[in-house]
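Written below as structure tokens is the structure these notes are about.
Derivation of every value follows stated rules applied to the coordinates shown; laboratory data play no part. Everything quoted here is computed from the prediction, not taken from an experiment. Reconstructed Cβ throughout: ideal geometry from the backbone, glycine too, with neighbour counts over all protein chains shown.
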There are 2 protein chains.
Amino acid sequence: MKEHPIGIFDSGLGGLTVLKALRKALPHEHFIYFGDSANVPYGAKSKQTVTKLSCAIAAFLQEQGVKLIVVACNTASAQALPTLQKQCRVPVLGVIEPGAQKAVAMTRNHKIALLGTEGTVRSRAYEKAISRLSKKEKVFPQAAPLFVPLVEENFARQPATRLIAQHYAATLLRKKIDTVILGCTHYPVLKPLLAEIFGPSVHLVDPSDTLAAQVKSYLSTFHQARAIGKGSVRFYVSDDPTRFKRLAQQVLRAPITRVYLKKLSV
Amino acid sequence: MKEHPIGIFDSGLGGLTVLKALRKALPHEHFIYFGDSANVPYGAKSKQTVTKLSCAIAAFLQEQGVKLIVVACNTASAQALPTLQKQCRVPVLGVIEPGAQKAVAMTRNHKIALLGTEGTVRSRAYEKAISRLSKKEKVFPQAAPLFVPLVEENFARQPATRLIAQHYAATLLRKKIDTVILGCTHYPVLKPLLAEIFGPSVHLVDPSDTLAAQVKSYLSTFHQARAIGKGSVRFYVSDDPTRFKRLAQQVLRAPITRVYLKKLSV
């Protein structure tokens, strides 16, 4: 299995921030990235729909012979992880658990803010994961649904995005939180702006570093790591590979040779 | 057929602005509204995907016995109308043709701006429809993809939306356009703001009034109109009826008794 690729999926482009963290931590590994561009965004979809789509993607990744599946999407991690872990033959890791661990390790005053999509917030998955780790923490959730389209439209540095971020941050700042979970893979793109708005005393938690460390530790413990050679990525999307290629190259700041089209049958 | 309902569909909530115009013009008619909430938004999807979804919805509406189908979504009208008109047993009307007619009737200096989704702009459907009507007009397209999520998130009156609208309007204003087509069913919600930004000398064209007049004229010409009695609407969505009901009541400013779930099989 060592030589087999790692599967990673997201509703669209956001998971590329997770892919970046994984490639940095695991430079020898091969990856298969699946972006569900036909069904993006997942944020406002029902749990049932998100689960059905996630299972179809996981089935495809297993057909490709992956040794491990990373659910890069917070909404899918929050809503579909238990079902995926039950149905898949390979281990499945989500981003919620790593995000919760890092937040609990970071907070000093035990007031943790969660920025996420409607689906992630509604699922209370972060609250549950945090309370399994520690009973002392109080979590303040804030849905920030406009961040995804703003990032996808390359508006991260526009003044309008600052106003919208200030709008979402206002309530959280009044609660005196000292830690903010960036509970959606698109949000790390806004990290410089959010750092400015929340100020230097607030920690911003991007779950992807902790996730990458977990994947690394799993591969090494179970002797599944590819120890030498250059890693690679193969990209699949469920709609419009040309558009994905253009935008993904901007996010990754690196050229992509090819993006394959793979329609999902759900 | 007189007693049969009129089918109308959209990728989500936006088509409710078209439904409003139709109900105003045709108070005796029954309507079946289908919102494809499992696949919203259509704006950045490929032509092939939009066509496949539109055909599945049209098939469902025909099973419900509709006498006419209105494609309220600009993206679906721009990309799928010819296929729908070929495949359906009942007449199918889109929003592009009425929008083009009204814009041509309104402009004095023959410089028409088009605000629309990426898909609508890329299709050049408005340009083609306008050039069939008149060779004198010049069309300036501007994709405004953030308007859909801003409207869906109830941000229409926020300062951030003004900044984003100014950003999209800037190039068009420099071109001295005198008419702007609101080429997406979500955009009429932003009409007061856009009227302010474009100023009193620019006409804002909402295709839905002209569309409603066309539907009325068709029904009367072919003796298909329901002449008496109170009209009604039955709502179907492909995901999360509860969420749709809550948001649709805000848009329509009227209570909705029930929203039915109808999954699409594509």
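As a calculated quantity, the FRET efficiency between B:H110 and B:K47 at R0 = 35 Å, using C-beta atoms, amounts to about 0.75.
Residues of the stretch B:79-113 with an amide N closer than 20 Å to a point placed 7 Å from the Cα of B:S201 along the Cα-to-Cβ direction: B:103-113. Cα-based radius of gyration for the stretch B:96-207, normalised by 2.2 N^0.38 Å, reads 0.98.
Listed by chain and number, the lysines whose C-alpha is less than 28 Å from the C-alpha of A:K136, apart from same-chain residues fewer than 8 away, are A:K102, A:K111, A:K128, A:K175, A:K176, A:K191. Classification of the stretch B:152-246 by its C-alpha gyration tensor yields an oblate form. The axis ratio a/c (a ≥ b ≥ c) is 1.5 or more, and b/c is at least a/b.
Ascending distances from the B:P27 label point to its copies in the other chains, with the point 7 Å along the Cα-to-beta-carbon line: 7.4 nm. Each residue, A:E63 and A:K245, gets one label point 7 Å from its Cα in the Cβ direction; the gap between the two is 2.2 nm.
How much of the pair distance distribution for chain A lies past 35 Å, counting alpha-carbon pairs only, in percent? Present the calculation step by step, with values, prior to reporting the outcome.
On the way: 4036 of 35245 pairs.
Of all Cα-Cα pairs in chain A, 11 percent lie more than 35 Å apart.
Computed over every Cα-Cα pair of the stretch B:26-99 and binned at 10 Å starting from 0, the pair-distance distribution P(r) comes out as 19, 55, 24, 2 percent. Look at where the Cα atoms of the stretch A:97-118 and of the stretch B:106-152 average out, and the two centres are 45 Å apart.
Label-point spacing at B:Q249 relative to the other copies reads 4.9 nm, in ascending order, each point sitting 7 Å out from Cα along Cα→Cβ. Projecting 7 Å from Cα along the Cα-to-Cβ direction, the label point of B:Q166 sits 1.3 nm from its equivalents in the other copies, listed shortest first.
Our analysis of the protein assembly as shown gives Rg over Rh at 0.99, with the two radii drawn from alpha carbon positions and Rh computed by the Kirkwood formula.
Averaging Cα coordinates gives a centre for the stretch A:1-59 and one for the stretch B:1-74; these two points are 32 Å apart.
For the protein assembly as shown, what does -39500 (n - 2.57) per DSSP helix run (n ≥ 4), summed and divided by total residues, give at 222 nm, in deg cm²/dmol to the nearest 500?
On the way: 22 runs with 248 residues, N = 532.
So the helix-based figure for the protein assembly as shown works out to -14000 deg cm²/dmol.
Pairs from the table (A:K216/B:K262; A:K47/A:K138; A:K135/A:K262; A:K45/A:K67; A:K138/A:K245) lying more than 32 angstrom apart at Cα are A:K216/B:K262; A:K135/A:K262; A:K138/A:K245.
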